[in-house]
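Remarks on the structure that follows.
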Amino acid sequence: MGRRALVIGGTGPTGVWIVQGLLDRGWDVTILHRGTHERAETPDVVEHLHHDPYDAEDLARALEGRHEDLVVAMYGRLRRIVELTVGRTDRFVSVGGVPAIRGWMNPWLQEPAGLAVPVDEDAPVVGDPSEDEKGYRVARTEAAVFAHHPTATHVRYPYAYGPYQLVPREWSVVRRVLDGRQRIVVADDGLTLHHHGYTRNLAHAVLLAVDQPEAAAGTLFNAGDEEVLSVRQVVEVVAAALGAALELVSMPYDLAVPARPLLTQPLPTHRVLDLSRLKRRLGYQDVTPAREAVALTAQWLAEHPPEAGGPEETVLTDPFDYGAEDRLMDAWAVARAGLPAIEWERPPRYGLAYSGPGGRPRSQSGFDP
């Protein structure tokens, strides 16, 4: 008998990649899930335990009499899972989320508002539910993981994207392309940076922890793509992947109401993770670079469009109200056209240190190599 791995979950956006990766490494894999989302990608050799990871009593029945070499917990009530797996596994690897970081969900907790860029694993976590109730629960769960399994590895995910994603960020752009839209609203030129992780890349991070038990033991890791694309770059990559061209209509954040689903937060400040620990200790590199991954995701969504008004669009909170968008963009164009021309006695420039386009001219006509 080979090494036994129990994956709690295993059918979600990153779970299918983790299961396949464990099989490729010679593990005997069992997945424990409710059975409501069976995936064609799951090999037949994988054993299924159909129980509810959110039901502590049902989960206890499922684990009765079992002992695993490895448990990968990525679904269900993680605090209950860590309690019930004490003494039942030699290694414990879990997946959580970035809301534990103080200020990730509530940027006004920092002064001035907004996270440090980037933010590492040693940054403060939410310590008071009045600051951010969800973040507080996630932070408590992280603490419970290491309290019950001191040698555990815990991986923080940002928003995941790719096939089967729960919050399909790219759909806000893909659907507009499919609907024949020619323009899209972005806030503040779409320059906000928001860390995401392609499903294969996030799974790769977890599998690196499995591969290197000594380096990963007792450690919390941030995970995500190596390159953090701006909102503008995401829109442009998606449109190009679908052979379309969208005019990006930039508005000040407070006016750019249709841009909210792409921002996914109530400020245009940045949310960027420091991946140094993951890269230094485990040798992480993206399996699929972010720009390629966004393009692949756009193409997948175009081929597998979510149901109009269905769960994905509900979670995304994009109403696709093109009539209101057009009225807003048209009004903004009129407002800009009505601005008076301003004459500058000495026009502001970019500073003498800047030498790019529009910057300081060269001091000599020739160049002596």
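The values are calculated or read from the model by the stated rules, or taken from the named source; none is laboratory data. Everything quoted here is computed from the prediction, not taken from an experiment. Cβ sites come from the backbone with ideal geometry, for glycine too, and all protein chains shown count toward neighbours. Protein only, heavy atoms only, side chains kept; ligands, DNA and RNA dropped before computing areas. Shrake-Rupley method; radii C 1.70, N 1.55, O 1.52, S 1.80 Å.
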- Which of the strands (runs of 3 or more DSSP E) contained wholly in segment 1-97 include at least 2 residues that are within 18 Å of T151 (Cα to Cα) and not β-branched (V, I, T)? 4-8, 70-73, 92-97
- Does at least one position in segment 123-132 carry a residue that is crowded, with 18+ Cβ neighbours inside 10 Å, assigned to a loop (DSSP other than H, G, I, E, B), in contact with a Lys or Arg (Cβ under 6 Å, 6 or more places away or on another chain) and among the hydrophobic types (A, V, I, L, M, F, W, C)? yes
- Message: For segment 273-288, give me each residue that is open to solvent by 70 Å² or more (accessible area, probe 1.4 Å) and in contact with a helix residue (DSSP H, G or I) (Cβ under 9 Å, 6 or more places away or on another chain).
- Response: R281, Q285
- Tally the residues that are within 30 Å of T151 (Cα to Cα) and open to solvent by less than 30 Å² (accessible area, probe 1.4 Å), restricting the search to segment 208-261. 11
- Cβ-Cβ under 7 Å pairs, at least 6 apart or on other chains, segment 351-364 side free of Cβ contacts under 8 Å to residues at least 24 places away in the same chain, far side in a loop (DSSP other than H, G, I, E, B) and open to solvent by less than 100 Å² (accessible area, probe 1.4 Å): R360/Y354
- Task: Filter segment 114-153 for residues that are without any contact (Cβ under 8 Å) to a residue 24 or more places away in the chain and among the aromatic types (F, W, Y) and give the result.
- Result: Y136
- Which pairs have Cβ atoms under 7 Å, sit 6 or more apart or on different chains, and link a residue in segment 205-226 that is in contact (Cβ under 8 Å) with a residue 12 or more places away in the chain and farther than 11 Å from K279 by Cβ to one that is open to solvent by 10 Å² or more (accessible area, probe 1.4 Å) and among the basic types (K, R)? P213/R91; A215/R281
- Message: Would you confirm whether or not segment 5-25 contains a residue that is in contact with a helix residue (DSSP H, G or I) (Cβ under 9 Å, 6 or more places away or on another chain), under 17 Å from E68 (Cα atoms) and open to solvent by 50 Å² or more (accessible area, probe 1.4 Å)?
- Response: yes
